[in-house]
Amino acid sequence: MNQPEEQVWTDTIDSKHGLLDVDIKEVWRYRDLLLMLVKKDYVTFYKQTILGPIWFFVQPILTMLMYMLLFGQIAKLSTDGVPQMPFYLAGIIIWNYFSEALTKTSTVFKDNAAVMGKVYFPRLIMPLSIVVSGLMKFVIQFILFIVVVIYYTFINPQLHPNAWVFFTPILIGLMALLSLGVGMIFSSLTIKYKDLVFLLTFGIQLFMYITPVVYSMGSIPVKYQWLMELNPLTGIFECFRYAYLGVGSFDWIDLLKSTVIIILFFASGVLTFNKVEKSFMDTV
């Protein structure tokens, strides 16, 4: 019995996309697509709402009032001697940005599988559009926070904004990198393990309580503060409050540690995302 001849292919299609092949220039060439996705996200989300962008103000105000009642009046947590309104609002606006960017980035493959399976573009555009879109919301809420700070600065001498306010873009940039890095890692994992989305949603809620959102590091016993410093967001939150309120136990060394940890998370996220993106359509 004759054995079938082995087929010899004249042409083969293989991916030459290496693990470290991250083409930043290509991402820049698709910046128009990035802006279009940001606009689409904004328009589609608020097009059929009654209040529209006003929700950007309503959400942090309602959350702040709830925190003032629960943590300020009932739990009696210290706000380092500053009024509760600017103290809680400082934590709320930057936490909202981080948690929303992380949650949406973690499902970017699943949410955009239909588009990614039909049209080619740098896949990094999708998570980047989420982060940039969140910045629009953050800027609006940040304006609200600045108005509150200016008001209390004139009526309360215990509020002392300082030169660290000029580091705000760096602080927000670090949070964006962390949410991108961790989000892309989870996005790559949820392709096969979709129940990780529920774990992440629950984990973010718990993570808020080990991040100085509703309290300051000064209210934590000294023997436990080293645990809090392992959280890369701790240095960012403490620096942000110190910059605008003039209170807190901020140390630039803690911010430097946070920066190193965040860069490691971001690099890991990009590499993981880069590895999975070329084959994710086979498993989604």
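The values are calculated or read from the model by the stated rules, or taken from the named source; none is laboratory data. Only a predicted model underlies this, so the values are computations on that prediction, with no experimental measurement involved. Methodologically, a virtual Cβ is constructed for each residue, glycine included, from the backbone with ideal geometry; neighbour enumeration extends over all protein chains shown.
Restricting ILE204, ILE191 to those that are β-branched (Val, Ile, Thr), within 24 Å of GLU100 (Cβ to Cβ) and part of a helix (DSSP H, G or I) reduces the list to ILE204. Of the residues in the range 32-40, at least one is surrounded by 10 or more Cβ atoms within 10 Å (Cβ to Cβ), more than 28 Å from SER268 (Cα to Cα) and at pLDDT 60 or above.
The conditions of being outside any loop (DSSP other than H, G, I, E, B), more than 19 Å from the chain's Cα centre (by Cα), among the hydrophobic types (A, V, I, L, M, F, W, C) and at negative phi are met by VAL165.
Exactly one residue out of MET184, MET126, MET136, MET175 is closer than 19 Å to ASN96 by Cα and modelled with pLDDT under 85, and it is MET136. Of all the criteria given as (1) under 26 Å from MET66 (Cβ atoms); (2) surrounded by 20 or more Cβ atoms within 10 Å (Cβ to Cβ); (3) of a type in the set (S, T, N, Q), the one not satisfied by ASN274 is (1). In the range 161-210, the residue that is farthest from ILE261 (Cα to Cα) out of those that are surrounded by 19 or more Cβ atoms within 10 Å (Cβ to Cβ) and among the hydroxyl-bearing types (Ser, Thr, Tyr) is THR190. If you go through the range 231-253 and keep only what is among the hydrophobic types (A, V, I, L, M, F, W, C), touching a Gly at 6+ places or on another chain (Cβ under 9 Å) and over 16 Å from TYR152 (Cβ atoms), you end up with PHE237, CYS239, PHE250, TRP252, ILE253.
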